[in-house]
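Report on the structure given below.
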Amino acid sequence: MLNHVVLPVSFIDSVLVFAVYSFAGWIVEVIYRSWTQKRFVNAGFLYGPFVPLYGMGSVLVLGIGSLLQQCNHVVFIIAVGVVLTVLEYFIGYISEKFLGLKLWDYSANRFNLHGRVCLSFSVAWAVLAYALAVFVHPKVSSAINSLGRTFASQMAIAFLLYYSADLIISTVNALGFKKKSADLLATFSSKSDAELQAILSRFRRLIRSFPNLNTHLDGSMKANFTMKLGNIINELSSNAADELKKRRAADKEYISIVKDILVNSEFQRLKEYFHHNSSIYEHARRVSYLSYKISKLLDLDYRAAARGGLLHDFFLYDWRNHSEPELAAEKFHGLHHPAIALKNSMRHFELSEKEKDIILKHMWPLTLTPPRYRESYVVTFVDKYLSSAEFLSEFAKRGVMREKKKRLSRKLSRQ
Ligand SMILES: [Fe+2]
Ligand SMILES: [Fe+2]
């Protein structure tokens with residue numbers, strides 16, 4: 001039976017009980033936090049030596065004790081354990097929701113709920129509450145009673161005034177921390193370590209009292225950074241997806257324009273002839289596709305540019321081999337191959353005047369007559385640009401291979 005639990009009988013008593021246990025809670029927290037952090041820590045949310053959660057908890061415990069005076073001790077322990085757990089969860093929720101601060105975190109403990117409560121601490125609170133109600137409070141109660149009513153009232157009023165001021169200042173500070181941490185999260189990547197330290201030093205006490213705030217800040221910064229990175233990546237990938245979609249659509253159109261040429265068996269023979277750094281077939285495809293893209297961009301006849309560009313080097317011989325029937329010894333490949341390409345193209349495909357001009361003039365200004373169409377100029381410049389790039393890449397590739405061969409022969413000669 002709990003018939004010796006003494007309930008505060010008046011408002012003044014309740015305030016004083018609240019003050020005493022808030023102070024006792026502060027001492028418990030200071031010892032616990034200073035011990036775990038290996039230095040003195042002014043515990044709690046307030047500047048003064050009070051932890052209101054203990055005060056509230058104690059008043060609640062005494063209230064429950066008086067309600068359950070007819071019950072046995074086990075029922076009381078379970079009841080206060082449940083009520084204190086609910087209170088702890090509620091205060092944790094309020095501080096996270098309205099102050100944006102996670103003042104404690106039991107996430108690492110087993111059987112926790114949202115990190116706000118956990119089984120081991122709830123059991124500890126229940127045992128402490130039982131000790132408070134049965135052993136401590138009777139003595140505290142008789143000490144309060146011995147103060148005399150006037151002095152007790154004055155003490156209660158003084159405490160309420162002081163407590164209200166502390167509560168307001170600490171709440172403003174905590175809200176400032178919330179706002180500042182939000183600013184920090186938005187701008188931390190552009191701030192130096194010293195600037196970050198200067199900002200955080202204003203909230204040093206709060207951070208020391210609640211080391212989880214550091215984790216909270218750190219975690220939020222990481223989450224913020226990950227979120228920003230995620231947004232950038234999403235944006236990039238959606239841009240890339242759009243670009244790919246456009247390219248696929250463009251490729252489809254391009255293929256539909258040149259498909260009959262690409263599948264032609266005679267044109268396919270261009271794959272057999274080396275040109276610059278690959279085959280004539282590959283070179284012609286590159287010239288054709290780039291000319292098509294540029295002409296499309298310039299609002300020109302991209303169809304003619306694509307087809308003329310593809311056929312511009314339609315010669316079926318190795319230009320370095322003058323024993324080929326088409327390239328007699330007296331013929332100079334640079335000057336003669338456009339006419340050969342045009343002849344071959346006309347043999348296999350239906351050509352427009354523009355396409356013919358593109359093929360015939362693609363070596364301009366080597367072949368003196370200038371092109372008649374803007375599309376011919378596009379192809380002639382694209383051909384020169386890509387030929388140079390292909391030559392250079394082949395040149396570099398051969399240089400690397402030569403160097404590798406030299407190194408290998410040096411290695412072999414040393415063995
Ligand atoms: Fe050519
Ligand atoms: Fe070419």
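The values are calculated or read from the model by the stated rules, or taken from the named source; none is laboratory data. This is a predicted model, so every value here is computed, not measured. Backbone-built Cβ (ideal geometry, glycine too); neighbour counts: all protein chains shown.
When residues in the stretch 374-390 are screened for being touching a residue at least 60 places away in the same chain (Cβ under 8 Å) and buried (at least 21 other Cβ atoms within 10 Å of the Cβ), 6 of them pass. Of the residues making up the stretch 263-275, not a single one is more than 16 Å from ligand 2 (Cβ to nearest atom), under 44 Å from the mean Cα position of the chain (by Cα) and of a type outside the set (Gly, Ala, Ser). For the stretch 274-308, a residue qualifies if it is within 16 Å of ligand 1 (Cβ to nearest atom) and not in a helix (DSSP H, G or I), and the qualifying residues are 274, 275, 276, 277, 278, 279.
Restricting to the stretch 358-390, and then to whatever is more than 13 Å from ligand 1 (Cβ to nearest atom) and of a type in the set (Val, Ile, Thr), can you tell me which residue is farthest from residue 307 (Cα to Cα)? Among those that are more than 13 Å from ligand 1 (Cβ to nearest atom) and of a type in the set (Val, Ile, Thr), it is 369.
Checked against the criterion of being modelled with pLDDT of 85 or more, farther than 16 Å from residue 251 by Cβ and more than 16 Å from ligand 2 (Cβ to nearest atom), the candidates 298, 342, 311 yield just one match: 298. Determine if the stretch 391-398 includes at least one residue that is in contact (Cβ under 8 Å) with a residue 24 or more places away in the chain, of a type outside the set (Lys, Arg), within 13 Å of ligand 1 (Cβ to nearest atom) and in contact with a helix residue (DSSP H, G or I) (Cβ under 7 Å, 6 or more places away or on another chain). No, the stretch 391-398 has no match at all. Taken as a whole, the stretch 329-342 holds no residue that is in contact (Cβ under 8 Å) with a residue 24 or more places away in the chain, more than 14 Å from ligand 1 (Cβ to nearest atom) and assigned by TED's automatic domain parsing to the domain that holds residue 292. Looking only at residues in the stretch 349-392 that are of a type in the set (Val, Ile, Thr) and in contact with a Ser or Thr (Cβ under 7 Å, 6 or more places away or on another chain), the one that is farthest from ligand 2 (Cβ to nearest atom) is 378.
Under the condition of being outside any helix (DSSP H, G or I) and in contact with a strand residue (DSSP E or B) (Cβ under 8 Å, 6 or more places away or on another chain), the residues counted in the stretch 264-273 number 1. May I ask you to verify whether residue 196 is in a helix (DSSP H, G or I), modelled with pLDDT under 85 and surrounded by fewer than 17 Cβ atoms within 10 Å (Cβ to Cβ)? Yes. Consider residue 178 carefully, then state whether it is at pLDDT below 85, part of a helix (DSSP H, G or I) and either farther than 30 Å from residue 106 by Cα or in contact with a Gly (Cβ under 7 Å, 6 or more places away or on another chain) (or both). It is true that residue 178 is at pLDDT below 85, part of a helix (DSSP H, G or I) and either farther than 30 Å from residue 106 by Cα or in contact with a Gly (Cβ under 7 Å, 6 or more places away or on another chain) (or both).
Among the residues in the stretch 393-403, are any more than 16 Å from ligand 2 (Cβ to nearest atom), assigned to a helix (DSSP H, G or I) and small (Gly, Ala, Ser)? Yes: one or more hits. A single member of 252, 271 is surrounded by fewer than 13 Cβ atoms within 10 Å (Cβ to Cβ), at pLDDT below 95, outside the structural domain of residue 388 (by TED's automatic domain parsing) and away from ligand 1 (no atom under 14 Å from the Cβ), and it is 252.
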